[in-house]
Amino acid sequence: MSVFFLFSCQSKDKYTSFTPGEHWLDNNGVHIKAHGGGILYDNGIYYWFGEHKTEGEAGNVANVGVHCYSSTDLYNWKDEGIALSVVPEGSNSDIEKGCILERPKVIYNKNTNTYVMWFHLEPKGKGYTGALSGVAVSDKITGPYSYMHAVRPNKGVLPFNAKDIHKGESHTEGISFDGGSLPGNVDSLNILGRDLPTGQMARDMTLFVDDDGTAYHIYSSEENSTIHIAELTPNYQQHSGKYGRFFPGRFMEAPALFKKDGKYYLMASGCTGWAPNAARSAVADSILGEWKELGNPCVGNDAETTFHSQSTYILPVQGEKDAFIYMGDRWTPDNAIDGRYIWLPVQFEGEKFILEWKDKWKLNDFL
Ligand code: GAL
């Protein structure tokens, strides 16, 4: 009998605290399936969207789609079903069952009164070579979301901070890219220039809506070597063409971005696949830079592995000043469905933010 059947038979008491790394059961007593996710607060309710993983290693591909849960207290989550479904095999769709559909994030667009979901998409059977960003929209927050398109961002457009080398030839021939670090100076290869005609690669990603309503897509680009921060159009469904490249050659994944007291903070991981590594952090006065790296925000035991997790989102707690929650994934690649959630309070120390492990904590700890 599957261990997940056993969980689903258990009744559960109401949660009154966070216990990072433990199974986290929804209102039906089933371990939550919202990996690589993000949260949107809407009309007094938090909605958590994430990857619905399935059993075994093959559960790392999208067999179901994007799952949505709702909560008013952040501890107890109600299953709202599948917000975006993959389509049956053989349909030749980009989001066919068996594709890779990761790190979905949803934002609300006031101009069109629609919810807009972006995600990292790899068409079925092509590994991670597609490096596409998918878009789906719905007029109801829980969905169903309609798939619109998938793109490589900013085709034919140079970033505002392109260097002279990006205006010339690329020098990537004969180099094999595996998503991890490369010897030497990445900029000199001009991966950006190589991809100008097709659009830029976009893998791990998040979204951020600024106070003025402008939305940004933040993603690992240029063979994962460099983060791009790209403005979206007013309906949030395309890239506007205004974007910048940051942290060239730093190979950052799993970006999460938040704003506090007018400053922008970024957290990201290094590139080691499902295996955890030491996180990075950075601060900026403007979302389009200059960004200044602040080092690993984690302190204490297991800081070098981000407490065996990888960032996915940093959630502002509504109605609490300076209260932000780090949301990370503890991946279990051999049995994807068993991935755990590491949520920790974000603390501030001088110009930095820091994360410390807690076995158990409550929102009251922010007060
Ligand atoms: C991680 C990435 C995950 C997934 C994984 C596959 O680095 O953050 O979202 O793509 O690699 O190995």
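Once region 72-106 is narrowed to residues that are open to solvent by 30 Å² or more (accessible area, probe 1.4 Å) and among the β-branched types (Val, Ile, Thr), the residue that is nearest to the ligand (Cβ to nearest atom) is 82. From the residues in region 60-71 that are farther than 18 Å from residue 145 by Cα and within 18 Å of the chain's Cα centre (by Cα), which one is surrounded by the most Cβ atoms within 10 Å (Cβ to Cβ)? Checked region 60-71; the qualifying residue surrounded by the most Cβ atoms within 10 Å (Cβ to Cβ) is 60. With respect to the conditions (1) part of a loop (DSSP other than H, G, I, E, B); (2) out of contact with any helix residue (DSSP H, G or I) (no Cβ under 7 Å at 6 or more places or on another chain), residue 304 falls short on a single one, namely (1). Among the candidates 323, 278, the residue that is out of contact with any His (no Cβ under 9 Å at 6 or more places or on another chain), under 30 Å from residue 214 (Cα atoms) and open to solvent by less than 60 Å² (accessible area, probe 1.4 Å) is uniquely 323. Restricting region 186-200 to residues that are open to solvent by less than 10 Å² (accessible area, probe 1.4 Å) and not in a helix (DSSP H, G or I) leaves a set whose member that is nearest to the ligand (Cβ to nearest atom) is 200. Just one of the listed residues (124, 110, 167) is farther than 17 Å from residue 48 by Cα and within 16 Å of the ligand (Cβ to nearest atom), and it is 124. Here the condition is being of a type outside the set (Ser, Thr, Tyr) and in a strand (DSSP E or B); of 81, 59, it holds for 81 alone. Among residues of region 323-336 that are closer than 16 Å to residue 204 by Cβ and hydrophobic (A, V, I, L, M, F, W, C), those with a Cβ under 8 angstrom from a residue that is open to solvent by less than 40 Å² (accessible area, probe 1.4 Å) and away from the ligand (no atom under 13 Å from the Cβ), sequence gap 6+ or separate chain, pair up as 327/39; 327/314; 327/315; 327/341; 327/342; 327/343. Before we move on, is residue 135 touching a Phe, Trp or Tyr at 6+ places or on another chain (Cβ under 6 Å) and farther than 14 Å from residue 68 by Cβ? In short, yes. Among the residues making up region 160-176, those that are open to solvent by 50 Å² or more (accessible area, probe 1.4 Å) and without any contact (Cβ under 8 Å) to a residue 60 or more places away in the chain are 163, 164, 165, 167, 169, 171, 173, 174, 175, 176.
Residues of region 24-38 that are touching a Phe, Trp or Tyr at 6+ places or on another chain (Cβ under 6 Å) and crowded, with 24+ Cβ neighbours inside 10 Å: 34, 37, 38. Test residue 273 against the criterion of being part of a loop (DSSP other than H, G, I, E, B), within 16 Å of the ligand (Cβ to nearest atom) and touching a residue at least 60 places away in the same chain (Cβ under 8 Å), and give yes or no. Here the answer is yes, as residue 273 does meet what is asked. In the condition set (1) free of Cβ contacts under 8 Å to residues at least 40 places away in the same chain; (2) open to solvent by less than 40 Å² (accessible area, probe 1.4 Å); (3) more than 23 Å from residue 18 (Cα to Cα), residue 285 is compliant with all but (2).
Hey, among the residues in region 107-158 that are in contact with a His (Cβ under 7 Å, 6 or more places away or on another chain) and assigned to a loop (DSSP other than H, G, I, E, B), which one's surrounded by the fewest Cβ atoms within 10 Å (Cβ to Cβ)? Steps first, answer last, please.
Filtering region 107-158 for residues in contact with a His (Cβ under 7 Å, 6 or more places away or on another chain) gives 118, 133, 135, 153-154, 158.
From what is left, the residues that are assigned to a loop (DSSP other than H, G, I, E, B) are 153-154, 158.
Values: 153: 24, 154: 25, 158: 16.
For region 107-158, the residue satisfying everything is 158.
Can you tell me which residue within region 326-367, out of those that are at pLDDT below 95 and of a type outside the set (S, T, N, Q), is least open to solvent (accessible area, probe 1.4 Å)? In this case the residue turns out to be 366. Restricting region 240-259 to residues that are open to solvent by less than 30 Å² (accessible area, probe 1.4 Å) and of a type outside the set (A, V, I, L, M, F, W, C), the residue that is nearest to the ligand (Cβ to nearest atom) is 253.
Of the numbered criteria (1) within 16 Å of the ligand (Cβ to nearest atom); (2) out of contact with any helix residue (DSSP H, G or I) (no Cβ under 7 Å at 6 or more places or on another chain), the one residue 41 fails is (1).
Please indicate, with yes or no, whether at least one residue in region 172-184 is closer than 28 Å to residue 41 by Cα and within 16 Å of the ligand (Cβ to nearest atom). No, region 172-184 contains no residue that is closer than 28 Å to residue 41 by Cα and within 16 Å of the ligand (Cβ to nearest atom). For beta carbons closer than 6 Å, sequence separation of 6+ or different chains, a first residue in region 141-159 that is within 16 Å of residue 107 (Cβ to Cβ) and a second that is acidic (Asp, Glu) and surrounded by 17 or more Cβ atoms within 10 Å (Cβ to Cβ), the qualifying pairs are 142/80.
The values are calculated or read from the model by the stated rules, or taken from the named source; none is laboratory data. Computed from a prediction, not measured in an experiment: that's the story for all the values here. Reconstructed Cβ throughout: ideal geometry from the backbone, glycine too, with neighbour counts over all protein chains shown. These accessible areas exclude ligands, DNA and RNA; they are computed on the full protein's heavy atoms, side chains included. Shrake-Rupley method; radii C 1.70, N 1.55, O 1.52, S 1.80 Å.
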